[in-house]
């Protein structure tokens with residue numbers, strides 16, 4: 001077996017050193033009823049690389065890839081071009097095959113990029129501090145709600161109907177047995193958020209208001225009035241960003257009064273990967289730093305006075321606090337954070353702004369073209385790179401028919417909100433820098449044909 | 001000796017991205033922006049973000065220099081107990097990057113991702129057969145997330161029968177995530193003591209079981225690296241009391257292919273794909289933590305899940321879409337999409353490479369290597385449970401042998417860094433003094449083990465013989481000396497600021 005260095009003579013000599021007659025003697029503590037004497041049935045035996053590649057290659061070939069044709073799917077995960085350098089860096093063994101930096105003297109590489117990542121995320125979101133990442137955007141949002149409860153000692157989280165429904169479902173699952181109460185509702189099929197209703201509803205029991213911006217329909221809203229309402233009532237404003245490239249063009253949540261900003265960082269540096277691994281972003285105001293969940297990297301000095309970095313404030317974490325920890329989380333998404341930091345380091349301020357501007361312009365172009373198809377209405381008025389169409393018919397079958405024509409044409413609201421009749425004609429369409437004019441032609445033609 | 005640059009030969013200092021880059025420099029060539037009228041609703045950014053940009057050669061050099069300040073499995077043995085730092089096969093990386101897996105969107109129509117769903121179903125089948133458990137939830141993103149998923153299902157199962165139990169029993173030696181997870185699910189946590197042999201005290205646990213106990217969380221093999229010989233008796237007693245057995249599967253790598261947890265009576269167990277099945281740790285994630293369930297808990301498994309009908313795979317995403325009753329009590333969704341697909345591909349690639357026969361060998365070699373370390377060090381190091389018999393995949397030592405020297409486990413670990421090794425896990429588990437938990441894994445050769453053993457013996461013997469002061473200051477030869485962690489926590493500096501701004505603030 002190519003991954004196992006021990007030879008039979010090594011094994012024999014090591015057993016002699018140990019003083020055991022055979023390998024079975026080392027498993028003597030296993031109850032006799034549970035000992036297996038042979039390989040488990042119903043599973044294949046070892047295979048050379050070539051055969052593994054053949055098997056997995058055949059499975060991969062059955063899937064329609066995002067780069068294989070016109071592609072306009074978003075709703076929480078976005079296809080962007082990732083420079084080749086990113087994958088090169090994250091495959092360096094010193095990053096790929098290292099562990100959580102518990103021995104900082106020999107993990108400065110990881111610690112320094114985490115510090116760079118935290119700084120990038122804080123600046124991008126307009127906040128003062130950020131953590132070293134979380135599992136994904138949905139779990140980061142849930143952790144933000146728990147943090148708001150700790151900060152305010154209140155328990156009602158008011159969640160905008162414009163937040164991605166999967167995120168809301170995750171929040172509902174994880175608050176089932178906690179003291180938190182989640183107040184939310186199904187969205188209306190209108191261009192407006194429910195921000196005014198939320199601002200009116202904030203009260204002395206409200207720990208936080210959670211809004212997504214751009215929201216799940218693609219709508220970009222002015223958050224300042226809601227932020228004022230939250231702060232007047234002593235509640236925190238949590239802003240969720242699922243398309244982090246938008247922050248290159250849209251005013252940052254921090255500038256608009258957010259107290260906690262969470263997001264999905266997949267768009268920068270990370271591929272679609274059928275949903276994971278992704279990258280949870282978590283940033284907040286400095287005054288709340290000791291209430292934050294997740295790993296934090298901080299600057300310090302070594303015994304010679306040289307700058308160095310360490311994991312810090314770990315007294316919040318489970319391995320120290322056990323049942324009193326701020327969160328049960330142990331890992332972060334370190335390698336995805338590295339990919340983010342490399343890609344954003346390549347882009348820089350100028351590059352990110354331009355990338356965001358291209359995304360927006362391409363989306364505006366497509367929205368204008370699709371609005372010309374009979375019966376199709378662009379519902380979203382203000383948007384970044386994603387907007388929602390109202391089709392003359394139910395959208396879910398339309399998406400399947402578009403796929404039959406080689407076009408991956410968005411996400412139907414019917415899939416995101418099963419059983420909600422008012423939304424079933426909605427189609428969420430995302431456009432990034434990867435969409436060519438030919439892709440847009442193909443989408444327009446295919447949609448026209450399917451609706452005809 | 002000091003140098004003008006601060007560099008020492010190949011040991012290179014590297015400033016931060018923010019100190020290297022410039023806001024108008026860019027390492028990506030982007031298309032021109034088509035001229036359109038903005039539809040942002042007047043919400044454009046006005047203020048600068050403050051992000052540095054670097055050209056491609058600068059970025060490659062920056063991160064290559066940083067990478068060289070890290071220790072990694074690719075460089076040598078990484079004997080962190082409980083963390084399972086085994087070799088990460090490069091085939092797995094290659095497979096995960098096939099566009100058919102890496103370049104597909106989680107919300108594409110299921111007709112366009114049949115191969116991806118089939119892969120998830122195949123991996124699920126492997127996990128179920130290796131554990132002899134009827135159900136598996138694939139979506140949890142890490143071990144602790146899987147633990148949470150399993151405990152939520154246990155709580156939901158009790159609630160479904162109107163049984164409001166309040167307490168979860170956790171051994172003292174458990175990972176910190178166990179009590180944190182139980183508390184998150186609304187349970188009070190009580191410790192179960194260990195016996196003198198480092199195992200769960202069966203009599204004490206039996207005495208504590210009662211109608212208020214919802215579950216017992218057990219790690220098996222446990223965090224002392226020992227198999228719980230009473231596991232079946234423990235499970236029987238827990239079930240007789242109407243409670244569930246949660247097993248922390250962090251150490252499944254010790255028994256994979258040789259013991260199936262389902263045969264031991266457990267009800268739920270997470271499997272760290274990044275431990276047992278070699279997906280890379282990546283400097284602290286991403287992980288992946290699928291959870292296997294017994295028949296009793298299967299109806300409470302989370303959404304979404306893959307269902308096979310003939311040759312077609314569907315993704316069941318919503319409870320109301322269920323046609324059968326097999327998941328209608330589901331705890332709901334754990335993550336936005338379907339879990340760590342990139343890790344699923346790597347784990348299946350690893351499983352197919354080893355096969356059922358090779359995985360059995362994996363467990364055997366992991367256990368053999370750990371026992372070799374235990375028996376090669378027990379004459380110098382204190383090995384608290386060595387007299388009770390063989391260990392499993394990791395060998396536990398304490399720093400009792402250093403008593404009187406004024407030195408501790410920390411000093412030994414730092415001295416080991418100068419010898420060119422990543423230290424073992426320190427101060428965990430909490431049940432022995434100054435714990436040192438050494439997990440070699442099966443991917444180390446005998447020569448590699450002998451080198452580590454030689455270094456450990458040498459360091460320990462020198463610590464017993466030489467003045468303590470030398471060891472309190474190690475490491476001397478690493479990219480950094482000991483770092484001031486207390487200062488970092490007292491006055492946290494978590495983001496970089498331009499020096500001029502920092503001065504102005506002070």
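The values are calculated or read from the model by the stated rules, or taken from the named source; none is laboratory data. Owing to the predicted nature of the structure, the values given are computational and were not obtained by experimental measurement. Glycine gets a Cβ as well: all are built from the backbone with ideal geometry, and neighbour counts include every protein chain shown.
A few points about this structure:
- Test: residue in the range A:154-170 that is under 20 Å from residue A:255 (Cβ atoms) and touching a helix residue (DSSP H, G or I) at 6+ places or on another chain (Cβ under 9 Å): yes
- Residue count, the range B:77-98 (criterion: more than 7 Å from chain A (Cβ to nearest Cβ) and at negative phi): 9
- Selection from the range A:36-52 of residues that are within 7 Å of chain B (Cβ to nearest Cβ) and either free of Cβ contacts under 8 Å to residues at least 40 places away in the same chain or not in a helix (DSSP H, G or I) (or both): A:36, A:39, A:40, A:42, A:43, A:44, A:45, A:46, A:47, A:52
- The strands (runs of 3 or more DSSP E) falling completely within the range A:224-309 that include 2 or more residues that are touching a strand residue (DSSP E or B) at 6+ places or on another chain (Cβ under 7 Å) and closer than 30 Å to residue B:483 by Cα map to A:280-284, A:297-301.
- Evaluation of residue A:94 against (1) facing another protein chain (nearest Cβ under 7 Å); (2) assigned to a helix (DSSP H, G or I); (3) free of Cβ contacts under 8 Å to residues at least 60 places away in the same chain; (4) farther than 30 Å from residue A:297 by Cα (one fails), failing number: (4)
- When the range B:409-427 is filtered for residues that are in contact (Cβ under 8 Å) with a residue 40 or more places away in the chain, part of a loop (DSSP other than H, G, I, E, B) and surrounded by fewer than 20 Cβ atoms within 10 Å (Cβ to Cβ), the ones remaining, listed by number, are B:419, B:420.
- Identity of the residue in the range A:217-239, touching a helix residue (DSSP H, G or I) at 6+ places or on another chain (Cβ under 9 Å) and within 11 Å of chain B (Cβ to nearest Cβ), that ends up nearest to residue A:285 (Cα to Cα): A:223
- Applying the condition of being away from chain A (no Cβ under 11 Å) and at pLDDT 95 or above to the range B:133-161 and asking which residue is surrounded by the fewest Cβ atoms within 10 Å (Cβ to Cβ) yields B:134.
- Condition check for residue B:362: modelled with pLDDT of 95 or more, at negative phi and surrounded by fewer than 19 Cβ atoms within 10 Å (Cβ to Cβ): no
- Test: residue in the range B:392-408 that is within 7 Å of chain A (Cβ to nearest Cβ), more than 28 Å from residue B:90 (Cβ to Cβ), in contact with a strand residue (DSSP E or B) (Cβ under 6 Å, 6 or more places away or on another chain) and not in a loop (DSSP other than H, G, I, E, B): no
- The single condition from (1) buried (at least 24 other Cβ atoms within 10 Å of the Cβ); (2) touching a residue at least 60 places away in the same chain (Cβ under 8 Å); (3) more than 30 Å from residue A:382 (Cα to Cα); (4) facing another protein chain (nearest Cβ under 7 Å) that residue A:299 fails is (1).
- Yes/no for residue A:104 being in contact with a strand residue (DSSP E or B) (Cβ under 6 Å, 6 or more places away or on another chain) and closer than 22 Å to residue A:340 by Cβ: yes
- Residue identified as in contact with a helix residue (DSSP H, G or I) (Cβ under 8 Å, 6 or more places away or on another chain), surrounded by fewer than 24 Cβ atoms within 10 Å (Cβ to Cβ) and under 30 Å from residue B:473 (Cβ atoms) among A:103, A:108: A:103
- When the range B:152-179 is filtered for residues that are over 18 Å from residue B:140 (Cβ atoms) and out of contact with any strand residue (DSSP E or B) (no Cβ under 7 Å at 6 or more places or on another chain), the ones remaining, listed by number, are B:159, B:160, B:161, B:162, B:163, B:164.
- Screening residue B:65 with (1) over 30 Å from residue A:351 (Cα atoms); (2) more than 7 Å from chain A (Cβ to nearest Cβ) gives one miss only, at (1).
- Here residue A:37 meets the list (1) more than 35 Å from the chain's Cα centre (by Cα); (2) under 30 Å from residue A:311 (Cα atoms) almost entirely, failing just condition (2).
- Flag for residue A:326 being more than 7 Å from chain B (Cβ to nearest Cβ), in a helix (DSSP H, G or I) and farther than 19 Å from residue A:96 by Cβ: no
- Residue in the range A:102-127 that is nearest to residue B:81 (Cα to Cα), counting only those that are more than 7 Å from chain B (Cβ to nearest Cβ) and assigned to a loop (DSSP other than H, G, I, E, B): A:102
- Single match in A:368, A:349 (criterion: free of Cβ contacts under 8 Å to residues at least 12 places away in the same chain and under 25 Å from the mean Cα position of the chain (by Cα)): A:349
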